[in-house]
Amino acid sequence: MQAKEDYIPEVDVSRTLAAQADLEWIDLSAETIPPEIISQIRAEDARRFKVVPVGIGNTGLIVAVGDPFDVDTIDSLSFLLRREIELVCASPEKIQKALSRYYGADHYAGDIPKEKEPNLGLEIGEGGGLGATDEADAPIIRLVSQLLIEAHQLGASDIHLEPLETKFRVRFRIDGVLQEVQARPKGLQSAIISRLKIMTGSMSIAEKRLPQDGRIQVKIAQKPIDLRVSTIPTNHGESIVMRVLDKSTLMLGLPELGFLSDDQKTFERLLSSPDGILLVTGPTGSGKTSTLYSCLNFINKPDRKIITVEEPIEYQMTGINQVPVNAEVGMTFPVALRSILRQAPNIIMIGEIRDLETATIATNASLTGHLVFSTLHTNDAPSAVARLIDLGVQPFLVASSVRAIMAQRLVRRLCSNCQEPGGLTDPELRALNIESSNLNQASVMKPVGCEQCRHSGYKGRIGIFEIFAIDDGVRRMINNRQSTLLLRQRARELGMRTLREDGARKVLAGLTSAEEVISVTLGDAS
């Protein structure tokens, strides 16, 4: 049996750790800590991290810890408190006694009502409950809730949680630009991802080797928000991306999308067509889906039956029948389209035309008295004709079914709080093909930057558009398989403005900057 004198007292171990970390060591049993200091850390957090606040230092809160080399715990505590902390050392035994002395069991159990605090007012919809609600998990629940609320407050369209070698990076896509925000503690990486999986109600927290998809429905400040969640395994853990779908954008009118008055009248006339196909084109992230939903919202009347086929359903709209595509059970776009035509709709919206079968059914539907909305991935409006023919649709069917094609991009809108009158340089005038004499009647503004726009000078986005209305002359050209270049020339003769020209009008109107338009329309420079 080992002799008692062979054991090293815990106090001596604690003093040694303090010396190694070059920190002050204190005897908590000899300290009297004021209540205003104790209240700086919640009871559940103090017990979870086994720390005791002891004072206010020059740079932050002074906290007594047992292990000064536990970087993950210190990092996590600093993040949860949202402030800097200064460390002192104390023996773990004295810390435990101080926790009982200053917080007590009652405080631990009832510090803040559990039904109100863990989600900070964030309500979880169907499919994902609050998950584990014991005291040990409350900080993670609060941490994830703060993340979602912060993203919503900043107007983020995407949340990227990326595990790197030494940190857990968080980035928000705001107005189309990824911006890094405060990193979350690396030590809480797995717990945060597991919490988000639990909130979906459908993703497995045990499966970390395969990609997974899910959906979270929440309310933030009484506002319904949908989150499309996607995970993928990486060499440093699972990367997770959440697309934020704010249902309030459904109520956007055509002016809010960025239409100027003349284009709005043209587009409203096209929306009133009794049949035919209206296509919206552009790359991923150009706002095609939002435009389609705004169109449906514009024409959604009680006397019209509207059915959509989507993969997935991004927004749920009142008064519209929305059909989700599910390839795993055989519910593909063509299968869904054949079925919904028997439902006698007036208007059909197809999420995307991506193959010949879908394109053929959409074309046939438009020729039998249905108005069809859909999207294509092309860079400009005239190229959509060639894309449909490349898919295998006969030119005469394209000519007789397509009513109009609209290409679009999104540019950042100048912050109305800090924008200032500005001018255009000679290179910008040349790039936008603007005569200097046109500046006399213009309201050109420049970005400045303020707290409201996170010092970017921009807040929100608007669309720039290229509307190609098909007339009889264009139909003959399509039938004769004329090139995209000739179609574009004919569209210009009919008055179609290019994306860059529409952007230039919005620069002159003070809605965006020349730099934004030029960067987004580089392919339109000619």
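Structure data summary
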{"read-out": "Angle between the chain longest axis and helix 138-153 axis [Cα atoms, degrees, rounded to 10]", "value": "30"}
{"read-out": "Cα-Cα separations in the chain greater than 40 Å, expressed as whole percent", "value": "40"}
{"read-out": "Contact order normalised by residue count of the stretch 372-526, Cα under 8 Å, 6+ apart, percent", "value": "32"}
{"read-out": "Antiparallel DSSP beta bridges within the chain, percent to nearest 5", "value": "65"}
{"read-out": "Within the chain: Cβ-based charge dipole about Cα centre, in debye rounded to nearest 20 (Lys, Arg +1; Asp, Glu -1)", "value": "2100"}
{"read-out": "Potential lengthening between N58 and L87 on full extension [0.36 nm per residue; Cα-Cα distance subtracted]", "value": "9.2 nm"}
{"read-out": "Calculated diffusion of the stretch 189-258, Stokes-Einstein form, Kirkwood radius summed over Cα pairs, 25 °C and 0.890 mPa s, µm²/s", "value": "181"}
{"read-out": "Mean separation of Cα contacts under 8 Å (6+ apart) over length of the stretch 339-446, as relative contact order %", "value": "21"}
{"read-out": "Base-10 log of normalised Debye intensity for the stretch 358-403 (one unit scatterer per alpha-carbon) at q = 0.15, 0.22 Å⁻¹", "value": "-0.33, -0.73"}
{"read-out": "Cα gyration tensor of the stretch 304-403 - equivalent ellipsoid semi-axes, whole Å, descending", "value": "22, 15, 13"}
{"read-out": "Positive-end residue of V52, L245, L161, charge dipole of the chain with Cβ unit charges", "value": "L245"}
{"read-out": "Tail fraction, Cα-Cα pairs, the stretch 252-321, threshold 20 Å, whole percent", "value": "31"}
{"read-out": "Under Karplus coefficients 6.51, -1.76 and 1.60, residue-wise ³J(HN,Hα) of the stretch 228-233 in Hz, glycine/proline x", "value": "8, 9, 9, 10, 8, x"}
{"read-out": "By accessible area with a 1.4 Å probe, ligands and nucleic acids excluded, highest first: order of E24, E328, E352, E44", "value": "E328, E24, E352, E44"}
{"read-out": "Relative contact order of the chain, pairs being alpha-carbon contacts under 8 Å that are 6 or more residues apart, as %", "value": "9"}
{"read-out": "1.4 Å probe accessible area per residue over the chain, in Å²", "value": "48"}
{"read-out": "Cα centroid of the stretch 320-337 to Cα centroid of the stretch 490-514, whole Å", "value": "38"}
{"read-out": "Accessible carbon and sulfur surface of the chain relative to its total accessible area, %, 1.4 Å", "value": "49"}
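The values are calculated or read from the model by the stated rules, or taken from the named source; none is laboratory data. Source: prediction; values computed, not measured. Cβ sites come from the backbone with ideal geometry, for glycine too, and all protein chains shown count toward neighbours. These accessible areas exclude ligands, DNA and RNA; they are computed on the full protein's heavy atoms, side chains included. Shrake-Rupley method; radii C 1.70, N 1.55, O 1.52, S 1.80 Å.
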